[in-house]
Structures are given as C-alpha cells and as structure tokens.
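Presented below is the structure to which this report refers.
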Amino acid sequence: MPATDPFRDLGVRGTPDGGEIRVWSANAQGVDLCVFEGEDPSFASTTVSLTQDSSGVWSAVTPALSPGAYYALRARGPKGPTHAFDPKKNLLDPYARGLARTGSGEWRGYVQDDAFDWGGAAKPGVPLDHTVVYEVHVKGFTKLNPDIPEELRGTYAGLAHPAAIEYLKELGVTTLELLPVHQSVSEQRLQKMGLVNYWGYNTLNFFTPHAGYATRAAQAGGTGAVLREFKGMVRLLHEAGLEVVLDVVYNHTAEEGRGGPVFSFRGLDNASYYRQDDTGQYIDTTGCGNTIDFSRPVAQRLVLDSLRYWANEVQVDGFRFDLAATLGRGEGAEFDPEHPLLLAIRDDPELAGVKMIAEPWDVGMGGWQVGNFPSGYSEWNDGYRDRMRNFWLRDVADARQADGLPSEGIGSLARRLAGSNHVFALERGPLASVNFITAHDGFTAWDLVSYDQKHNIGNGEDNRDGSNDNKSYNHGVEGPTTDTDILAARRRAIRNLLGTLLLSAGIPMLTAGDEFGRSQRGNNNAYCHDSELTWMPWEREEWQHELHAVARHLLELRRENPALRPVRFGRFGETTPSATQMDWHNKQGLSMSLEDWDSPAERTLQYLAASTPEFEAFNRILLVVHGLETEVTVTLPQHEGVTAYTLLWDSSEDDISDREPEHVPGEELPVGPTTMLLFRAH
C-alpha cells in the first residue's frame, strides 16, 4: 500500500529497530503497549506509550515486540454513554496474529513468526461450475473416525489425514466450507449453563485459528504451532485437489451486548467500532448483542486485511460471509448493494480469484437481500431450500390429506432447478446461486424426513430456540421407527432431495453427513452441543452405505454431464456459450402448457437440457421429475437430434443395475411415486 495510506500496517510488523505496533482509536486519549514476561498476567516487563497521528492511528516501535512476545493494550479516554474506556483493562490488538491465554483466563496477543514451507502446493482453482461445496465442522468431521489416529481426531491435522482426504475424494466434493475457525469463545450465558458454542459463531479475533481444533501437541507448542498445523492442513488438502473456504463472522464479535465481556474493540473505541444510538444502546442487526459499524472505513479495512491475510499468507480459497447483509449496511444502517466494503472485497486485486459466498440476510430491518448482492458474489439461496423441501415433503404431506392434492404445481420447482433466474440477474448467471437443502443451522436431511417438530430441549431454552418453520415431514411417525413402509418413504424422499440438489443448475452445497443420513435426533439448533449428537458417526447401517453410494453416484453424474452445470443463463432465440438450452415437456412428451406448470394435479415434467459447449464436449440430458405419490406413465419426448435415452439414475431405488437402461423417444415409460429419473440423451 502507498505510504499515504492512513491504515497501513495495522498490528505488529518487524522493523530494523524492533517491532512496530499500530492500532486505531479515534476517541482514546491515551494508549499504552504492555509487553509481558511470558504469559504472566500481572507483570508487564515493558510499557510503552503510543503516539497518535491525524488519522487516529496510535503507534510505537520497541525491541520488546520481537517474535514470541506476549502483549496487550490499555486505553484511556472520555466517559459517556457511548464509551467504555478502562485504563486497567488489558485489551487484544484487533490485528494480533497469535493469541495466548493466561492462567487467570485473560487473553494476550502474541508476536507471530509466520514462516512456513508450502512445498510448492498451489490452490486448486476449481471453476465455479465444477464446485461442490461440503459444509463441515473441523472437529465434528473426524472426532469419531476410527481410521484416524486418536491424537489427530477432531483436529486440523485430522481433517488432512489420508483417511479423511480419501473419504472426501471418493465422495466427489471439491470444496470444504469450514464452519468458523477464527478463534472464538462461548457466550457467558452458555458457560453458566455448562454448554459451549460448538459452531464457533462468536469470534474473538479475526487473524488467528481456533486453538481448540489443533492437536494437543500443537496446543502445547503455542499459538505458532497451531498456525503451522492449520497451514499444514491447507497444504495437504490443496495437494489432494481440495479447496478450503472459511465461514467468516465479521458482523459481530464475542463482546456481546453492553454488559458483555471486554476483550478488544469495546475497550479501544466502543463508540466507533459498534453501531449504537446516542444513549449507548446497541443497534443490533445480528441478533448477537452487537454489530460492527461498517460505515466506518477502519472497520471496512479490518475485514479486507483479514481476508488478505487468510487468502494469501494462509492460502485459503474463499470465504462464506455470515450475515453478509450487515457488511453492506451504511451510516443509517440501511443495506446498500453498492456498499464500499462489498465492492472493495470483490474488486481487491489481492483477492482476485478468491470465492466469495454471501449469506444474504441478517435480522435487521430490510435484512433479507437474496439476489441483491453485487456481481462477483454467490449467495445462499433460501428460496431454493424452501421450495425443494415443500415440493418433496410438505406438498406430499398435504396430498395425503382428504383432498388428495398438494398445494402447488411444479412450476416453482422448475425455475429453481434451472438456476433461479427469477432471483438472480441475467449477467450474474446461475452460479450466483448456492443451492442447499440443509445447512449447519436446522434439521439434517434425515431429520427433515423423520420429524415434523423440532426437539431442542437439550439446548436449555425449553424448546423455544430454533426455527418452527422447517418444511419437514415425518411420513407418519415422529422420529425413529421400525415401520418398513415409512422407512422406505423416508429413504425415497432423501434420495429425491439429494438428487434435486446435485442435479440443479447453480453451486450445490452438501452438509456433511447428509450423504449417508446423519441424524441429530430432531434438534434443529444444535449449536451448543459438542458431543456425539453433532459429531459425524462412522459406524453406519447398511441403508446408510446405500445412500452414500447414491450421493457419490449423483456427484459423478454431475461431473460427467456439463448440461447440468451451466455457467450462464441462456437468452431466448440466442446461443449463449456455456449456457444450457432448456426444453420443458409434460408427461405426454409435449411442450408444457400453463396448466402443466401450475396445476397441483399435474406435477410431472421432463426437462431436456443441452449444453452449448465452450470448454467441454457437447452433452444433453433428460431429467424427469414426478411429484405425486401415484404412479404415472410418461412418454419420452421426441426432439431433433435425439435418437435414444440412456437411464443413468432413478430415485425410486438405491440400485438400478438390473434395469434396462436403453429407451427411445416416444416410448411410454412407467414412473413410480415421487420419483426422479436422469437420462443421457443421444
């Protein structure tokens, strides 16, 4: 950055005269640096007063800030409803690249040695149209895996162990989206209840990996060893061709509401870092007690510097922004799709090629912004989630009632199957949509087909927490059952959910464990459970192995058929490179009528999709979707250039190896209840 940049080199940097620290506070009247003897919380061997420049940056240079030093800041300033200065409080440098905790529980910054041998490992650079996101918890994924040495289970090193990599590669996902790995702490309320914030959405610092996910050996070696283990994980995953995307929580911090703990920002400049009114009441658009004020250039710069650090020095491949609407709120707390931070993230040359995924909502006014983020971002598509759940679950439940019909036809499913072009602008294309059926937050896929109600008593909130609108269906019995008909219906439903997800245009996100039917026993908000409830089980029943094989096969079919992976939306009457030419037919093989689209009694379509090649060979597929619990006969469509259809997958069964695969246009074909079929068209 140019020397005139007022926010250059925040944090600690080495100079010929020692370490230089630079920290921003507009309202402080004095800031001191304290360097401690080891982790001793009481004895500061060196105290240096920082000087402030015209931009609000306080700085000093001292030989005491050498690699391995433990340090904190103390700030004094005015009193008043918007301030929280306490000159006795030891505060973390917001840019600390290492952290340590004292015996008394205080946190210290640590001057990190960032040296690491990457061994020539390069980022895989998976194109967006080939990307399959796998949302996974670092600890939960390997904690119970018997093929991983016990000392590595539940750790960064465990996630990069050959057994873990083999599983991921065999499954066929390309990109791991890690639940938060920035250093986090559990909220005071949870600590009093004897619970923890397992998911990690309560960030303490934006530049350090969470120490609790490192091996005991690395934890004993200190924060530098933890960072090296994290980088080692990234290197090994990259060598295996797997990408690493971080779920990042910049919208709020672990300091909670005004009565919460003071770690860093509140003590350095509460009035500047957090949104609040003139009385000191926090303006909370996150539901977490506080909200970072991104109308402030210094807060914007904090996010950019953190992203640059992880993308370049730690070599991660992308970011999923938690409650991203908060990052786009201006001075009046209104969302602006042209917000300087959103555009700066997208346009930063130091972040070129990095995947950017927005969770496009928060809990503030006007917080639902799906489809409204700038080009260059992909977005979690909750409309996709809701419609697919309704189509395969709630609509089926409705149809079992007296009238025998679901509430909707098939049209709204088709729009989302084809890339949600009613949500995302033409120039953004289908890859703006991150399609998902489940995520960490909510039911697992198996619980979606097994529970009508949430079962969150173990969370300590009398079952009040978690969504009440799950769009799930238990198929006749709440929870576990031995009824073979119900189990068969559930397994067919989950195959349909997985098939829809992995065969839709857009970027699919698969939640870890859904590929084999992992359950959380009906808990749809298991954020506070670090136990076998949330850890991945590795001892599985036969039906789970069969479901896993289905998921693996679907991912293989997605890779092999570019017609399922359009990069662009097509334009009527034009040939658009890397788009998909789509033709829609009813069960008679004729073009869809308005009634075919909208009638609840006509929930069968045939989706004939042909690629428009740019980098891959020409490909055409036929996807048949039937959304009623009755059998139907479909007439395979006749189309110019199509002489045969080869059956690739049928959701009515786990294994179709004994089925006749070859069919011809005009042939009448029986299709089972609530079924999807995929053909390759020749």
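Nothing in this text is a laboratory measurement; each read-out follows from the coordinates by a stated rule. Here the structure is a predicted model, which means the values were calculated and not measured. Using ideal geometry, Cβ is built from the backbone for each residue, glycine included, and neighbour counts are taken over all protein chains shown.
Taking 28 Å as the straight-line reach from the Cα of K471, the lysines in range (excluding those fewer than 8 positions away in the same chain) are K454, K587. Candidate membrane-span-like segments in the chain, meaning DSSP H helices with Cα atoms spread over at least 20 Å of their own axis and a Kyte-Doolittle mean of 0.0 or above, are 223-239, 484-503, with no membrane implied.
Basic side chains Lys and Arg get +1 at the Cβ, acidic Asp and Glu get -1 at the Cβ, and with that the dipole of the chain about its Cα centre reaches some 1420 debye. Of the peptides 657-663, 95-101, the ranking by mean beta-carbon count within 10 Å, highest at the top, reads 95-101, 657-663.
Once the Cβ-Cβ distance between E427 and T575 is put in as r, and R0 is 25 Å, what FRET efficiency do you end up with, to the nearest 0.05? Step by step, r from the Cβ atoms, then E = 0.90. Between S407 and Q219, the contour length at 0.36 nm per residue exceeds the Cα-Cα span by 62.2 nm.
Checking every one of the GluC sites (Glu not before Pro) in the stretch 594-624 against DSSP loop status and a limit of 15 other Cβ atoms within 10 Å picks out E614, E616. What does the C-alpha gyration tensor say about the overall shape of the stretch 581-658? Classify as rounded when a/c is under 1.5, otherwise prolate if a/b is larger than b/c, or oblate. Verdict is oblate for the stretch 581-658.
Binning the alpha carbon pair distances of the stretch 19-142 at 5 angstrom intervals from zero yields the distribution 2, 9, 16, 16, 14, 11, 8, 8, 9, 6, 2, 0, expressed in whole percent.
Taking 16 Å as the straight-line reach from the Cα of K88, the lysines in range (excluding those fewer than 8 positions away in the same chain) are K79. Distance between the modelled labels on A121 and I486, one decimal in nanometres: 4.6 nm (7 Å Cα→Cβ projection). Here the stretch 644-680 is scanned for amide nitrogen atoms under 11 Å from the site 7 Å beyond the Cα of E631 along Cα-to-Cβ, giving 670-673. Given R0 = 56 Å, the distance between the Cβ atoms of S66 and E331 translates into a calculated FRET efficiency of 0.85. Extension gain, R258 to A344, is 27.9 nm, computed as 0.36 nm per intervening residue step minus the present C-alpha separation. Take 582-594, 411-423 and order them by the average number of nearby Cβ atoms within 10 Å per residue, most first; the result is 411-423, 582-594. Taking the Cα-to-Cβ direction at D469 and at E532 and moving 7 Å from each Cα, how far apart do the two end points lie in nm? Once both label points are built, they end up 3.6 nm from each other.
Taking each residue as 0.36 nm, the span from E461 to D386 lengthens on full extension beyond its C-alpha to C-alpha distance by 24.4 nm.
What FRET efficiency, computed as 1/(1 + (r/R0)^6) with R0 = 56 Å and r the Cβ-Cβ distance, is obtained for T646 and A240, rounded to the nearest 0.05?
0.95
Packing, as the average of other Cβ atoms within 10 Å across residues, places the peptides 475-484, 494-503 in the order 494-503, 475-484, highest first. Projected label points at E539 and V363, each 7 Å from Cα along the beta carbon direction, are separated by 3.9 nanometres.
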